[in-house]
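Each remark here refers to the structure printed beneath this line.
The values are calculated or read from the model by the stated rules, or taken from the named source; none is laboratory data. The model shown is predicted, which means the values in this text are computed figures rather than measured ones. Cβ sites come from the backbone with ideal geometry, for glycine too, and all protein chains shown count toward neighbours. In case anyone asks, the SASA skips ligands and DNA or RNA and just uses the protein heavy atoms, side chains included. Shrake-Rupley method; radii C 1.70, N 1.55, O 1.52, S 1.80 Å.
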Amino acid sequence: AMVLPLPGCEGFGRGVTQAVLERTQSPTVDTRTCEVEGRPFPGIEPFLAAQERLPPFTAAVGDRPEVKVLYVHGIGTHSPGHGTALRQNLASALGLETRAPRPKRIVLTHPQFAGQTLGELNVTRLTDNDRRRDLLFYELTWSPITQPDKDLIAFDKEQDYVLRRATVNQAMRSFVNDIAPDPLAYAGKRRGPILTSVIQGICWMVSRSWSELPELTEGVACDPELPGVGSRAETDDFVLITHSLGSRATLDAMQAMTNLPITEDPRVRAIADDFRTREVQVFMLSNQLPLLEAGREGQQVVGRIGEFCGPGATNPGRFFAKTQIVAFSDPNDLMSYPVPDKFAERYIESRLCPIVTNVTINVASVNSFLGLGDVANPLAAHTGYGPDERVGALIARGAGNPDVAPIVAERCTFRETDEGLMR
């Protein structure tokens, strides 16, 4: 009885091998989902389209409005250049295939944290062949701030510990050791330096045109004493892109900048007054706002959006005319979450005038695991946004508007929500 099935097993083996080879050689269909639900948003494209109605820029580009994109990374160790995949993705989606050969580098500093590293800001200039569209990509690297906290557990890399673990477990351990200190540090004494780093990034963005920046800036803080601080706030267009913990830090920084006890300094007051008229888009990749709300003090003003925002606002003091939050999350990412309207109402500062759209998107492929079920790499689901063409297209040309990118029209489903239906 044991011998009889052997020829059958041999044939079965050949059949399995042939099926695997055929599956490998046949073209695969990308079935990753993309669902957008919430309010329509325009993306970056309208800002660049407005530039096309202006004369071509010359050497002194500061006389033209500039489109500026700030990218703030999240948990994990990052080095300058970490935003390259996202930058190239946006360049392709927006038709900006020409760039300056080198970024301009700003080493961040502030008197409040004298002697401490605050990271750096690398600015890359992108344009089209006709030199009518001009975009500055600001890549913020704050990772060095938390490196001392990671050094505390650096001994765990020693072979005495590594050799005792299974290979997969060691890979997971290395990942945890790299990311776990960051949210803990942000909840503690590193919060101030990280917020200052993000604020410095925003401050430089609203204070200098490309032509006004030298290739290297160091030893200079962007503060009210800086000549020309905030001089670009009224002229240029701004978009923020954040990843995981970077989203929490950026929202906190926006609130800190606009909720300062506004002094009589006209430079500071002018920036705050301009922000109150601005509608800003914040694209949050691998969003963690709900997770990072745990254990922290609540915002000063919540549940009162109608009092500060919109044409029927009764109270002054809003920070922005509208903060369009577009929260991206891969359902197979173990560390990202959507932002439901109830969460926004209860936990996001009302004076930001938040409006939320959620993008549920598989940036990591889902595969069958030995016939036992479906599985996706959670690390890829957390970090795979940069090169994803759908992500780039959504940031570039939005959703729920007539000018969406073809890949979004074909591959993403949009469902609009309308607050007016609640009346």
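Is it the case, given these coordinates, that PRO80 is within 21 Å of LEU213 (Cβ to Cβ), open to solvent by 50 Å² or more (accessible area, probe 1.4 Å), modelled with pLDDT of 95 or more and not polar (S, T, N, Q)? Reasoning before the result, please.
Details: within 21 Å of LEU213 (Cβ to Cβ): yes; open to solvent by 50 Å² or more (accessible area, probe 1.4 Å): yes; modelled with pLDDT of 95 or more: yes; not polar (S, T, N, Q): yes.
So PRO80 fits the description; yes.
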Failed condition for PHE57, given (1) modelled with pLDDT under 95; (2) out of contact with any strand residue (DSSP E or B) (no Cβ under 8 Å at 6 or more places or on another chain); (3) in a loop (DSSP other than H, G, I, E, B), with all others met? (2)
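Residue-wise test of (1) touching a Phe, Trp or Tyr at 6+ places or on another chain (Cβ under 9 Å); (2) among the small types (Gly, Ala, Ser); (3) assigned to a helix (DSSP H, G or I).
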site: ASP30; (1), (2), (3): no, no, no
site: GLY115; (1), (2), (3): no, yes, no
site: ASN122; (1), (2), (3): yes, no, no
site: ARG125; (1), (2), (3): yes, no, no
Look through the stretch 227-244, keep the residues that are more than 22 Å from the chain's Cα centre (by Cα) and polar (S, T, N, Q), and return whichever of them is surrounded by the most Cβ atoms within 10 Å (Cβ to Cβ). SER231
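So that you can scan it fast, the table gives a plain yes or no per residue for (1) under 22 Å from ILE75 (Cα atoms); (2) aromatic (Phe, Trp, Tyr); (3) open to solvent by less than 10 Å² (accessible area, probe 1.4 Å):
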{"residue": "ASP330", "(1), (2), (3)": "yes, no, yes"}
{"residue": "ARG346", "(1), (2), (3)": "no, no, no"}
{"residue": "LEU352", "(1), (2), (3)": "no, no, yes"}
{"residue": "THR360", "(1), (2), (3)": "yes, no, no"}
{"residue": "ALA376", "(1), (2), (3)": "yes, no, no"}
{"residue": "GLY392", "(1), (2), (3)": "yes, no, yes"}
Subset of the stretch 314-355, residues assigned to a strand (DSSP E or B) and out of contact with any Cys (no Cβ under 7 Å at 6 or more places or on another chain), comes to GLN324, ILE325, VAL326, ALA327, PHE328, SER329, PRO354, ILE355
Answer residue from the stretch 265-313, given it is polar (S, T, N, Q), on the phi < 0 side of the Ramachandran plot and outside any strand (DSSP E or B) and is most open to solvent (accessible area, probe 1.4 Å) among those: GLN300
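Given the residues LYS68, LYS104, which is the only one that is basic (Lys, Arg), modelled with pLDDT of 95 or more and buried (at least 23 other Cβ atoms within 10 Å of the Cβ)? First the steps, then the outcome.
Values: LYS104 fails: buried (at least 23 other Cβ atoms within 10 Å of the Cβ).
Answer to the selection: LYS68.
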LEU86 vs (1) open to solvent by 10 Å² or more (accessible area, probe 1.4 Å); (2) part of a helix (DSSP H, G or I); (3) within 24 Å of ASP403 (Cβ to Cβ): all pass except (1)
